[in-house]
Every structure is written in C-alpha cells, then in structure tokens.
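*Asks:* Handing you this structure, nothing more for now.
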Amino acid sequence: MNTSGDDYYVIKKTNEVVEACYYVKNTNNDPLWRDHSSLNTSLPFLLTQLFVVLFIDRLLLLVLRPIRQPPIVAHIICGVVLGPTLFAETDFSNKFIFPHKTTMVLETFANLALTYYMFLIGLEMDFSLILQSGAQVISVTAAGIMFPLLLGFGLYFMAIQDSEDFDRRGSLFWAIALTSTNFPDLTRILADLKLLRTNIGRIAMSSAILSDLFSWLLLIIAIAIFNGQKYKTILSTVAFVMICFFAFRPAIAWLINRTSKGEVISDTHVWFIMAGILLCGLATDACGSNSIVGAFMFGVILPKDETVRNKVVEKLNYFVTGILMPLFFLINGLRSDMPYMFSKTPWIMVFLVVVLSWAAKVVSVSLVALHYKMSSTDSMILGLLMNTKGVLALIILNTGRNIRALNNQTFPLMILALLAMSCLIEPIIAFINKPSRKILKNLNKSIKGSEPDEELRILACVHTMRNVMGTLSLLKLSNGTKESPLAIFGTHLMELSKRASTTMLIVHNEGNQDDGGRYNRAKSETTNIIQAFENFEKTNEEEGAVMVYTMSVISPYATMHVDICSLAEDKCVNLILLPFHKEVKADGHMGAANSNYASVNNNVLMSTPCSVAILVDRGISTKVFESQEKSFDYHSRQIAMLFVGGPDDREALAYACRMASHPNVSLTVARFFPGEQTPDPNIQSNASVNREKLTDDEHIEDLKLKATVVDSGIHYTEMTVNNGEETIAGIRTLGDNVFDLYLVGRRQGEAKSPITEGLSDWGTCPELGALGDTLVSSNFALNASVLVVQHYFSTDVVHEMPETFPACTLGIGAKQGVQRYDF
C-alpha cells in the first residue's frame, strides 16, 4: 500500500497487468487558491505528462538525427525512458508525474491521437503504386510476409513456452508485427538516403503498401478470432469496408465536386470531415474491430483532392503528430518494463529473439531480390528497407496487450526487437550504399557537344508558379524540331517539411495522368505546374518535336541539389535550367531574395554533372507567347549573346545559335576583345589560355558562316574595350531596352580578363558572373531577361558514373527512349 501524499494506493503487480485501487484524501493544505488539492484532478497531471514527453521526445530527435536514426527510434526510446524501465518507478514520478490513476486519461488521449493519425496515413497512401506492381513486387511482398509470419510463431514458442504465464494467443501478434513494413517511415528513410527515385525505392514502396494492407487484414482477423462474436466481427467489418468504397466514397466525391465548382473549401467542410473520422472509428469499434480501422478507411476513401487534402492536413498534422502522438509512444513505454522482462527471460534468448526477428524479413526479401537478378548490395538494401517498422507494428503489439494476449514479458521483448530493427536500418544502408563506379565514355553533358540532329535534354526546375511561364518561354525559344527534338523534364522542387509523412518523387506520364474526369477538383500549385508543362507539349505545333515528362522532387533545401544532380544523371540531360532566387519587381529591378533558392542554385553549380543555366525572368513569357497569338514578322524576338571567351561563353553561344534557328528569333552576337593598351602578360604567356582563344575563334568562325545564310537572323559584331566600363558602354551601343533576352557565360573560375575588370567589385550575385550580375542590376536592360550559362567541364575525357546509371537513349527522341522502371 502506498500512503504518501494525498492519495492512498493498493497496487497489485502480476506478469499480465498492474492493478491499482486509489482513494482520494481531501485536504485544505493546497498551495494554490483552491478548496481541494490540484493533484486530485486529471488535467494538471495530463499537462505535466504532455510537457515531459514532448521535451524528452524532441530532445532525443535532436540528438539522434545526426546519427541517421529515424524518428520512430526517438519515440520508442522516449517512452521506454519515461516508463518503468527508468523513470516511472521512482517515488517522484509515481506521485507527481505518472500516478496510476491518470493512466486511463492518458490512454484515452493516446487512442484519440492514434485514430486521427491513422486517418492521415490512409489519406496519404498512394494505391496507384499497387496497380503498377509486377511479379517482382508481389514476390518480394510474399516473401516479406510468409517467412517472418512463420518465424514469429516459432520465436514466441521458443522464447516463452517455459514461462508460467504462457499464452499461445501472443504468438499471433508477434508474427503479425514482424510482417509489417511501415510505409510512412519507409518513405522518410528513402528520402533521407536519396533512394526515392531508384528502382529499389519504387519496389520497396509498392511492397510496403501491400505488406501493410495484409498486416491490417491479419490484425482484423486476429481481433475477430479472440472476440466472442468472431464471425459477426469479420462480416460486419467487411460490410463496413464495402459500404465505404461503394457508397461513402462516391457520395463524398460528389459533394467535393459540387463544392469545387462553386465555392472554396471552408473550415466547416474540414470540421465535418474530422467528425466523419470519429464516426467511422466508432462504427468499426462497434463492429468488434478497432476504431483505427474505421479512421484509416475514411482516409483511404476520401478523394485525393489536393485542396481538401491540404486543408485537412494543415488542420490536423502538426497537432496530431507533434502534440498527441507522443502520448501514444508514452503509453508504449509505460507498458514496457524492461527489467521485469530481463528477469523472466534469459539473456541468450533475448539476443536470439532480437537477431532472428531482425533477420527474418531481411534474408527472405534479399533472396527473392537475388532471384530477380538484383546485385547482392541492392538485394541487401531492399531487405533492410522492407524491415522498416513503425506505428503499425506498435499498434499490433498494443492490441495484443489490450486483450492480455501479450504480458509484461512478451510485450517489452518485442518492443526491444522493434527498436533494434529501427536503429540499424538507415546506418547500415548508408554504409553499404556506396555504388561502385564504372567508366562511361562519350557521354554528352553539354549543348555545344550535341550533334545538329541530336535530341536536346533539359531538366527544367521550378519552385513556384511564378517560375513556370518564364521557363516555358525559354523552352519555346529553344526550338524543338523533328530533326532535333527537345526532351523536357519539368521538375517541381518542393521542400521536404518535417511534418511530411510520405515523400515520393512521382513521374507523371501518360500511363498515370489524370484527365480531369475523375474529379473536377481545384488544382494545387503542384497540379497547376504539371498541367502547364503538359499543355506546353500539347500546344507545340510540330508533332514529336517536344516531349515533356513531369516530376516532383521533395527534399530538404540543404540536400535538394543532390536530387537535382542525380536526376540529371539518370535522365542524361544536357542542361539543368534553374530559376533565379530573386523576384523581379514590376519596374524591372530586383526584389526580395529567397536564401533557400540561392543555396540550391549555388550547390547545383558546384556539383553539377552537366551544363547549368540560371534564368532571370523579366517578362520574357509575355513577349514570347504574344508572338503566338498575334501575326509577327520573322525575327521579332531580339536576343543578344555577349561573348568574351571561354567554355561558359561557348556553351552560351551554342544555346544562342540553337535559338537563332527559331523563325521568330533574331540573334545579335557581340564579341569583345581587350584593347592593345591593356596587355596581360599572364594571358600572353599562358599556353592553355592561347588554346582557349583558338577554340573561341573556331566557334566564332562557325557562327559567321551561319550568319551568311539568307534570312538566318544572325548578326555579328566585334568591339575592342579596355575595361569593364567600356564593356558596358559597348553593350549600350547595341541598344537600350531593345533585346528581350541576353545570354552570357558565367565565367566563374576562368582567367581574369580586362574586358570584365571592375564589374565584379559591386556585384551581389556571384552565381550570375560579372556580366550577368551587371546586366541584372543595370538600367539599360530593365526589360530584358538574362540567361547565365555555366558549361560542364572535366579534365578527363572519360567520366566516372555510378553503376546504377540507367541506359540513355539520346536519339531522335521517341518517348520510349526515356528509361522507365519496370516492377
């Protein structure tokens, strides 16, 4: 009996449960101005528990993230630390933090959090991956279910059979827990390791969804088996699922369709959806299964309308995942008495359970992957990914604990096994995922290296809708033809926020794009961007001249350049096109800057696998697309290319010449020479610089030859200048606000030239180079857009590329030439 303080407890602890009877003692000695003790009510305890668990949980997340531990590890450790393993057994905790009388309130809020959390999981499930599943995905899923399922039964009987409180029902929950693969945590790991776009990532995600659905089915069957009304439970739950799909889903889609046509989704609609979550949870609870089944199903059937989804997620996600869900992990910890488990289970048996539980899915999935001719490293990585555990496994174990199929020995033992699995996955994959290198010769990484009849492949990146029209206008000027088509990979760059639970790179091709008939929905920014790129392909006058593939890259800004560069390698692109990080005001001057965008651009420039161009859009879209709607004469779009010399300028010149072949483009190329009064002894004596000059001369001679063709639209001029000031004066002689677009080379790291002397002294944007920065900040080019080009340069003729580099087709450009992943 515990008689300390204001409460009297009678506590009885067994292998299965802890029973606590408590009596409240009224007193007037409370330090607050109350007529009773504040510690006799549940709310102060709940607030204290919430504060403690949030503080410890966030602290652990902060500490464990640098060593590649997924969030689930921090959550489980937080619960174990605060539970009877360490903190909860102290007198201070029993009196002021976790008294037994508050457990019911704590569990109520934890289950409420779990109900809403499972709705969010169902809402973000992408079942289109299942429709794309092939034999390999099905085989991987089957192996990842059957072998762990059988091993789970065997482990339970091997480890627990000699226990005096042995309950054979617990073997089923161990087995089901080992079959699960937590989809949200898997996608988070894939995003962290940059594996989302890979073949391994796609197979893992498809298999994880199938595995989770099968685990749900097994859990429902297990609940029904141990329910007194097992047949009624199964039949009523199946009936509820059928009603959801064939009655509720069409009705909700119809309501959203009507709303989307005439009005904005309001908070009232969201509140009704939240009430529907509770109603569906109540329905499945009444059916004899768990309330989270109903909530999950409601998320699954809710139409994937971006406006509705974003509104609901905005209202729920932060509060549920950030505030309430830690209470669920706390309940897991309070139920995990590790010292008691170790006192009842031999250490060697604990070790065997942890190791064999970890190895079950890894080995089975790896063997199947090897059967499908995957490399040993990739097979191991896939096996580790499929062993990702998370909330679903905890739900399964807690369900077994609720019906006393699992006790104080078997529950914490499997919690320990899940913790070990989660701790090891990401560090091991990060260690072994060091792709070997192979030699790839004659890989085209630039524009000027392309043949005249070769496909030009451009990775066009945008952050927001503001970037789209300028990017499309530049692509329009790039002049895709049947002889030299354009392959455009339109990529929406999005930040991976900490609240995102599913992060995928989705390739939107003809096989999975929505024609609008499914739901007449309000388009989100991502949908609008994708639609704009697809419309650009459809409106192209010459069939087969432009092929567009749309993608969404979701990544933290700090590592977004890794995704961009990896995607450029995968797609064998010649050019990465990036938007400038500053907004352009109505008067043409630069406005507010986005430091995150600037960081992405700089990182791409430093680690690019091909040429890069940064576009400063000052209304080029208006000028280019006006020419399509009105009857303009040939060469109505004025483009200027400022040539100083070097690889970057030659790359910009090659791009400008391609634009000059467009019937509406007039190209003016101005080449600048240093004056005789500004000799540079270093340049004169430098053999490599002399070779560069000879190469420059060759390209200019080719340009002059093209300019001699009738109606070529190419004009060439030369200027001699002594410094940067004279260079600016020479540019102005070409005309103030005459040109729609200037092309310049970045010339970063190249030999200093008197031509640009002094221009970089006042520069604020080094990523644009001296000339580009000057044009952007000048008054004579306020109405002109600027394209700054950096050429990919390698001192080696043979470049090293990852072994997983896909086959490239750089021919005429049929869509079949783009590498696809087959499941």
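*Asks:* Suppose the chain between ARG404 and THR481 were pulled fully straight at 0.36 nm per residue; how much longer would it get relative to their current alpha carbon spacing?
*Replies:* 20.7 nm
*Asks:* Between LEU150 and PHE127, 0.36 nm times their residue separation minus their Cα-Cα distance comes to what?
*Replies:* Computed gain between LEU150 and PHE127 is 5.6 nm.
*Asks:* Output the relative contact order of segment 560-602, whole-number percent, from Cα pairs under 8 angstrom with separation of 6+ residues.
*Replies:* Details: 26 pairs, mean separation 15.4, N = 43.
The value is 36 percent.
*Asks:* If each residue's Cβ is checked for other Cβ atoms within 10 Å, how do ILE67, ILE221, ILE176, ILE200 rank with the fewest at the top?
*Replies:* Ranking ILE67, ILE221, ILE176, ILE200 by Cβ neighbours within 10 Å, fewest first, gives ILE67, ILE221, ILE200, ILE176.
*Asks:* If you don't mind, there's one more thing I want to ask. Can you pull the semi-axes for segment 41-432, root of five times each eigenvalue of the Cα gyration tensor, sorted largest first, whole Å?
*Replies:* The equivalent ellipsoid of segment 41-432 has semi-axes of 31, 28, 22 Å.
*Asks:* What is the extension gain from MET349 to LEU282, computed as 0.36 nm multiplied by their sequence separation minus the C-alpha to C-alpha distance, in nm to one decimal? Mind dumping the intermediate values first?
*Replies:* Values: separation 67, 0.36 × 67 = 24.12 nm, distance 4.05 nm.
Working it through step by step, the gained length comes to 20.1 nm.
*Asks:* Suppose R0 equals 25 Å; then what is the FRET efficiency for ARG691 and ASN722 from their Cβ-Cβ distance, rounded to the nearest 0.05? List each step's numbers first, then the result.
*Replies:* On the way: r = 24 Å, r/R0 = 0.97.
Efficiency computed from Cβ-Cβ geometry: 0.55.
*Asks:* If I model a spin label as a point 7 Å beyond the Cα along the Cα-Cβ vector, how far apart are those points for GLU543 and MET465 in nm?
*Replies:* Label at GLU543, label at MET465, 3.2 nm between them.
*Asks:* Now a separate question. Over segment 121-224, one equal point on each Cα, no solvent: what is log10 I(q)/I(0) by the Debye formula at q = 0.09, 0.13, 0.17, 0.24 Å⁻¹?
*Replies:* Log10 of I(q)/I(0), two decimals: -0.28, -0.54, -0.81, -1.25.
*Asks:* Out of segment 269-365, which chymotrypsin sites (Phe, Trp or Tyr not before Pro) are coil in DSSP terms and have no more than 11 other C-beta atoms within 10 Å?
*Replies:* Taking segment 269-365 and a limit of 11 other Cβ atoms within 10 Å, no loop chymotrypsin sites (Phe, Trp or Tyr not before Pro) are found.
*Asks:* Using r as the Cβ-Cβ distance of LYS704 and ALA593, and R0 as 25 Å, what FRET efficiency do you calculate, to the nearest 0.05?
*Replies:* Given R0 = 25 Å and the Cβ-Cβ separation, E is 0.05.
*Asks:* Here's a follow-up. When the expected Rg is taken as 2.2 N^0.38 Å, what fraction or multiple of it is the alpha-carbon Rg of segment 66-153?
*Replies:* 1.64
*Asks:* Still on this model: Measuring from label point to label point, each 7 Å out along Cα→Cβ, what is the THR103 to PHE245 span in nm?
*Replies:* It is 4.0 nm.
*Asks:* If I model a spin label at LYS95 and LYS230 as a point 7 Å from the Cα along the Cα→Cβ vector, what separation in nanometres do I get?
*Replies:* Distance between label points: 4.9 nm.
*Asks:* Quote the FRET efficiency, to the nearest 0.05, computed for LEU424 versus PHE157 with a Förster distance R0 of 25 Å and r equal to the Cβ-Cβ distance. Numbers along the way, then the final one.
*Replies:* Working: r = 25 Å, r/R0 = 1.02.
It comes out at approximately 0.45.
Coordinate-derived values only; no laboratory data. Here the structure is a predicted model, which is why all the values come from computation and not from measurement. In this analysis, Cβ positions are derived from the backbone assuming ideal geometry, glycine residues included, and neighbour counts consider all displayed protein chains.
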